[in-house]
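Here's the structure we're looking at; comments come further down.
The values are calculated or read from the model by the stated rules, or taken from the named source; none is laboratory data. If you're wondering where the values come from, they're calculated on a predicted model, not measured in any experiment. Positions of Cβ are backbone-derived with ideal geometry, glycine not excepted, and every protein chain shown enters the neighbour counts.
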Amino acid sequence: TQLLEQSPQFLSIQEGENLTVYCNSSSVFSSLQWYRQEPGEGPVLLVTVVTGGEVKKLKRLTFQFGDARKDSSLHITAAQPGDTGLYLCAGAYGSARQLTFGSGTQLTVLP
Amino acid sequence: ETGVTQTPRHLVMGMTNKKSLKCEQHLGHNAMYWYKQSAKKPLELMFVYNFKEQTENNSVPSRFSPECPNSSHLFLHLHTLQPEDSALYLCASSQVGREATQYFGPGTRLLVL
């Protein structure tokens with residue numbers, strides 16, 4: 001069973017601060033996705049990273065896939081209240097490319 | 001219609017009722033999934049369909065019965081559920097390939113009384 005540990009579980013910060021969320025595993029993944037979920041809604045895809053060491057930027061969000069494809073991080077610069085939500089990482093494995101999800105990081109950005 | 005849609009968005013049912021959840025994807029994908037999301041637990045994969053064939057059943061109780069009549073539609077038939085089955089049920093679809101990116105619907109919030 002592939003396990004993904006996400007940290008921190010909860011994060012409450014002031015507007016304008018920077019933050020990093022981590023996603024770690026002992027397993028190798030063929031790709032890794034980051035999602036953001038609002039209450040009562042489904043997860044919305046932010047990014048997919050495929051290559052070890054890959055870095056992708058989405059405005060103030062920077063995603064990195066570890067060189068060994070076992071871990072990933074999400075860094076948000078100058079957080080805004082609109083960034084509030086549940087951030088989920090998911091690693092793809094196996095020939096069927098199924099996903100295993102981390103437990104999520106609940107981010108609250110206070111104005 | 002775009003993306004992945006799910007109906008109903010909210011459902012309240014008694015333990016003796018029979019109901020069905022519906023999912024439809026408009027992305028031309030060939031794989032569809034049912035997940036269960038409970039409070040304070042990671043998303044749990046329930047069922048996987050590739051090209052309309054069920055390829056995964058993660059030890060889901062038989063009171064949950066999936067149906068995939070074609071690559072665009074997925075149903076989850078519910079009967080004699082328990083209160084602990086109350087959760088957000090999410091449908092997702094993907095194009096099987098290297099990236100394995102899954103796209104989710106908005107979910108059905110289920111409450112079993």
Criterion violated by B:Y33 - all others in (1) hydroxyl-bearing (S, T, Y); (2) modelled with pLDDT under 90; (3) surrounded by 18 or more Cβ atoms within 10 Å (Cβ to Cβ) satisfied: (2)
Failed item, numbered, when B:E67 is tested on (1) within 21 Å of B:N17 (Cα to Cα); (2) charged (D, E, K, R); (3) within 14 Å of chain A (Cβ to nearest Cβ): (3)
Filtered residues of segment A:2-12 (kept if surrounded by fewer than 16 Cβ atoms within 10 Å (Cβ to Cβ), away from chain B (no Cβ under 14 Å) and part of a strand (DSSP E or B)): A:S12
Residue tally, condition at pLDDT 95 or above and within 13 Å of chain B (Cβ to nearest Cβ), over segment A:55-86: 3
Residues that are touching a helix residue (DSSP H, G or I) at 6+ places or on another chain (Cβ under 9 Å) and not aliphatic (A, V, I, L, M), drawn from segment B:1-55: B:K36, B:S38
Exclusive hit being within 25 Å of A:G102 (Cβ to Cβ), part of a strand (DSSP E or B) and under 13 Å from the mean Cα position of the chain (by Cα), set B:V48, B:V60: B:V48
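Picking from B:L90, B:L27, B:L21, B:L11, which residue would you name as being closer than 19 Å to A:G91 by Cα and within 14 Å of another protein chain (Cβ to nearest Cβ)?
Working: B:L27 fails: closer than 19 Å to A:G91 by Cα; B:L21 fails: closer than 19 Å to A:G91 by Cα; B:L11 fails: closer than 19 Å to A:G91 by Cα.
Going through B:L90, B:L27, B:L21, B:L11 in turn, just one is closer than 19 Å to A:G91 by Cα and within 14 Å of another protein chain (Cβ to nearest Cβ): B:L90.
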